[in-house]
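Since the structure comes first, as C-alpha cells, the remarks are kept for the end.
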Amino acid sequence: MVMGLYCSTAFRETTIPRMVTGMRGEHPIDFRSLQIFGAVCESASLTGAARRLGMTQPAVSQHIRALERHIGVELIDRRTRPVALTAAGTLLRDHGQVLLTDLARLPNLLRQSAQASLPRLRLGFVDSFAAAFGADLIKTMRDRAAHLTLWSGLSPLQHDALMSRELDVVVATDALDDLDDLDGLERHPLVREPYILIAPRFLIRDGEEVQLARLAEVAPLIRYSARSAIGRQIDRHLRRLNLDIPRRFEFDETNSLISLVAAGIGWAITTPLCLYKCGYRAEAVRHMPLPGPGIWRTFTLMARRGELADLPRDLAALYRRFLRDQGVPALHRAFEPVGQGIAVIDDSEANDPEADDLRRYNLPRKSKTGGNT
C-alpha cells in the first residue's frame, strides 16, 4: 500500500505559479499536477484524491497521465488496488513533498520578511549581559528581523566573530586594548557598572575598613583569567595600585570564581552583573564597593560601520530605553548599595567625545560641583 506522507495543507485549492523543473527540459513541471499527484499518494487511490480535491476521478486521472507523459515515465502502477507507486513515482513523491511543503510556507515567510527590517540578524552578547538582559531585549526586537540568532561568550570572542562576519551586532565590554586596532567599527555605549569586592562573610567584619593589600596577606585573590577582558582590566587596575598579588586561582567564568569565594577559599573582584549571572548567594558572600580608586566597565553595542544603515543606532536607543526603565532599576534593588553605581549612558553622553575618553580609560566624570559622577 502506498503510504501518504503529505500534510493536508499542501493540497488545498490555491493559486500556484508554474515553476521549474521539467525532467526533459522543455517545460517546467506544473505544480498543480504535482499537488494532485501528492493527493493520490496520500489517498492511495484516484477516487480518494478526487474526493479530497473536489474534482472528478477522470479529471485526476487525466492530470496524472499528462504528468507521466511530460516526464516520460510511469508514476503509478494501475494494475494494483490500491494503486502503488513505481520507483520513479516514489522518487517524485519524496522530492515533491519537500517542494510543496516549502511552497505552502512561502507566503507566510514573505509576509514576515516584509514586516521585518532584515531577513536575518545575528547578535552576540557577552555572557553577563546576555544572562541579565538577553531574553527581555530579544522580546523588544522581534519585529526587527525575520530570523534572530543570539550568541553569548567572552568579549574577545564576540569581537572576533564580528570582524569575521559571523555576527552582525555585538554587545561587549569596550576594553581599550581590545579595540584600538579594529578599524571600521561604530560603537554605541549602553551602560556601565562598577567593579566590586566580594569575600566570604567571615573574612571581613561589619564596619571594618578594607585594604586590598592587607586582604591579600590573609587570603588568596581568586582571579578572572587574563584571557578575558574583565581579567585584563582587573590586572591593570592592580598594577596601577602597585599591588603584586600572587596568582593562585584563575577562571574564565564567574560561576567557578563565586563558588570558591562562597566556600571560603578566598576573595575576588567582580561586578554586579557577573554576580547576577551566576545567582548571588547573600548568605555566603559579602559584596561591597571596591576599596580605593574605583574602576568601571562599559557595555558597548558595536557593528561594522556603514553596513546596517541606522539599525545599530536604533538598537542602541531601544536597549538604553529598556535598561533605563526596567533592567537597571532591578539591579539597583538587588545589589544595594553597590548597585547604585550601575548607570545607563544617556544619548547626550554617548555622543560626547570627552565622556567617551573617560569611559575608555575607566575614569569617572567630574561633576560641576567638583565631585565624581
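The values are calculated or read from the model by the stated rules, or taken from the named source; none is laboratory data. These numbers come from a predicted model, not from an experiment. Methodologically, a virtual Cβ is constructed for each residue, glycine included, from the backbone with ideal geometry; neighbour enumeration extends over all protein chains shown. Each accessible area value is taken on the protein alone, full model and side chains, heavy atoms only, with ligands, DNA and RNA left out. Shrake-Rupley method; radii C 1.70, N 1.55, O 1.52, S 1.80 Å.
Brief remarks on what is shown
- Förster-model FRET efficiency, 56 Å R0, A317 and A213, C-beta, rounded to 0.05: 0.80
- Measuring r between the beta carbons of I245 and L203 and using R0 = 22 Å, the FRET efficiency lands at 0.90.
- Space enclosed by the convex hull of the alpha-carbon atoms of region 235-327, per residue, Å³: 157 Å³
- Region 123-229 - percent of accessible surface contributed by carbon and sulfur, probe 1.4 Å: 46 percent
- Residues N255 and E166, FRET efficiency given R0 of 35 Å [Cβ-Cβ distance, rounded to 0.05]: 0.85
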